[in-house]
Amino acid sequence: MNAEQSFNRWVRLALVAFGTLLVYFVLIDNYVPMTPQAQAHRPVLPVAPRVEGQVTRVAVSNNQSVVAGELLFALDETDYQLALERASLQQQLAIADMERQQAAMNTIQAEMEQVRLRAQELSREASRMERLHRLGHMSVQQAEQARNLAQQASSALKAAEARQQEARQALAAVELTNKQAENAFEQAKLSLERTQVTAEVGGRIGNLQLQEGVQARAGQPLMALISNELTVTADLREKSLRHVRTGTRVGVVFDALPGHIFDGHVSSIDSGVRQGQQQADGQLVQPENSDRWVRDAQRLRVHVALDEPVPALATGARATVQLFPEAGSWLHGLGWIQLWLVSQFRYLY
């Protein structure tokens, strides 16, 4: 074989290799996509007190693991203890007023019952006198006296009913005052409890710079709590997600854990990116100008839930994600091979 034949042979082999790799990458990218643009994500909760006060105790250290409900730091509770005692006294006064008004209400009801009975009795007496007068057994004066007494009793009954209504309104006002005192007491109690700031979820303390003596303000973050809950976010090109659905099987390799492939599944796919968000600010749109013949592909974020426990990883840890859509099941073997090669490569880089 002369030099020209050898050159032609190598050219054909290169063309065949290039065509084979081109077909491979097109098939893999469309049916079994992979992306190295992935990372572990743990929600980071800014920890802030809900009341203000001076920090009297810091109960945790930086990077310490905590469980939900564990004390993180405490504020000076002197003012809140006094406020609770003051609210308790106000509540006791309101209860005493309500009991006194209830007793007055009971007295008025008893008096009104007597007046009612008296009015009924005099009404019956006036009716009997009227019948006897018509029969000629009673004088006109006696009948009129009976009617006058019945009318006086009826007026007294109406007056007693008015006093009862006033007493009901006064009792309702006192009950409202008592309810307000109860609310004030519960609010003071809650504020006192909030001087003890605890972890909302289990996790690890991060970027702790808090010291005793710091004047804390309500709503001001003083430390970060990194949750134990771990998810993986991966950015893939739009066309690579044509066959990806919620529940699609996923393999994940973390840079920090080379040689190990973790199983997972797609939990959700974001419905947009920031470039697609337009603000109605009164300005005209400004189209993006580009002189590039092939523009950059848009990427969408995919959220992956792991199906097996993962050792402690820092939030933001880099990962490689391999997806296995059902439409490309005949290529899953190649996907597992390239993911295994990536996991071994992570020992070197």
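The values are calculated or read from the model by the stated rules, or taken from the named source; none is laboratory data. This one's a predicted model, so the numbers in the text were calculated from it and none came from an experiment. Cβ atoms come from the backbone with ideal geometry, glycine included; neighbour counts cover every protein chain shown. Ligands, DNA and RNA are stripped out before the accessible areas are found, and what is left, the full protein with its side chains, is counted by its heavy atoms. Shrake-Rupley method; radii C 1.70, N 1.55, O 1.52, S 1.80 Å.
Test Leu331 against the criterion of being part of a helix (DSSP H, G or I), modelled with pLDDT of 85 or more and in contact with a helix residue (DSSP H, G or I) (Cβ under 6 Å, 6 or more places away or on another chain), and give yes or no.
yes
Just to be sure, is Val66 surrounded by 16 or more Cβ atoms within 10 Å (Cβ to Cβ), of a type in the set (A, V, I, L, M) and either touching a Lys or Arg at 6+ places or on another chain (Cβ under 8 Å) or over 18 Å from Leu222 (Cα atoms) (or both)?
Taking the combined requirement at face value, the residue satisfies it.
Can you tell me which residues in segment 43-83 are more than 14 Å from Glu200 (Cβ to Cβ) and of a type in the set (D, E, K, R)?
Listed by number, the residues that qualify are Glu52, Arg57, Asp76, Glu77, Asp79.
Per-residue answers, yes or no, for (1) within 22 Å of Pro43 (Cα to Cα); (2) among the small types (Gly, Ala, Ser):
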residue: Ser267; (1), (2): yes, yes
residue: Trp293; (1), (2): no, no
residue: His303; (1), (2): yes, no
residue: Leu341; (1), (2): no, no
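In segment 187-223, what count of residues is obtained for those that are in contact with a Pro (Cβ under 9 Å, 6 or more places away or on another chain), open to solvent by 20 Å² or more (accessible area, probe 1.4 Å) and not basic (Lys, Arg)?
Total meeting the criteria: 6.
Residues Ser268, Ser227, Ser290: which one is polar (S, T, N, Q) and within 23 Å of Pro36 (Cα to Cα)?
Of Ser268, Ser227, Ser290, the one residue that is polar (S, T, N, Q) and within 23 Å of Pro36 (Cα to Cα) is Ser268.
Give the residues of segment 1-42 that are without any contact (Cβ under 8 Å) to a residue 24 or more places away in the chain and in contact with a Lys or Arg (Cβ under 8 Å, 6 or more places away or on another chain), sorted by residue number.
The answer is Met1, and nothing else.
Inside segment 323-338, can you point out the residues that are among the aliphatic types (A, V, I, L, M), buried (at least 17 other Cβ atoms within 10 Å of the Cβ) and out of contact with any strand residue (DSSP E or B) (no Cβ under 8 Å at 6 or more places or on another chain)?
Leu331
Regarding Val11, is this residue over 30 Å from the mean Cα position of the chain (by Cα) and surrounded by 15 or more Cβ atoms within 10 Å (Cβ to Cβ)?
no
Show the residue pairs that are 6+ apart or on different chains and have beta-carbon atoms under 8 Å apart, the first residue being within segment 176-191 and within 10 Å of Gln90 (Cβ to Cβ), the second being open to solvent by 100 Å² or more (accessible area, probe 1.4 Å).
Listed by first residue and then by second, the contacts come to Ala181/Gln90; Ala181/Leu93; Ala184/Gln90; Phe185/Gln90; Ala188/Arg86.
Could you list all residues from segment 22-57 that are open to solvent by 40 Å² or more (accessible area, probe 1.4 Å), over 30 Å from Ala256 (Cβ atoms) and not in a loop (DSSP other than H, G, I, E, B)?
Leu22, Val23, Val26, Leu27, Gln54, Thr56, Arg57 - these are the residues of segment 22-57 that are open to solvent by 40 Å² or more (accessible area, probe 1.4 Å), over 30 Å from Ala256 (Cβ atoms) and not in a loop (DSSP other than H, G, I, E, B).
I'd like the full set of residues that are at pLDDT 90 or above, open to solvent by less than 20 Å² (accessible area, probe 1.4 Å) and either under 27 Å from Glu70 (Cα atoms) or in contact with an Asp or Glu (Cβ under 8 Å, 6 or more places away or on another chain) (or both), limited to segment 233-251.
Result: Thr248, Val250, Gly251.
Going by the structure shown, is Ile261 modelled with pLDDT of 85 or more and farther than 27 Å from Arg42 by Cβ?
no
Please state which one of Gly316, Gly247, Gly259 is on the phi > 0 side of the Ramachandran plot, in a loop (DSSP other than H, G, I, E, B) and without any contact (Cβ under 8 Å) to a residue 24 or more places away in the chain.
Gly247
Taking the condition of being on the phi < 0 side of the Ramachandran plot and either exposed (fewer than 10 other Cβ atoms within 10 Å of the Cβ) or of a type in the set (S, T, N, Q) (or both), how many residues in segment 279-307 meet it?
18
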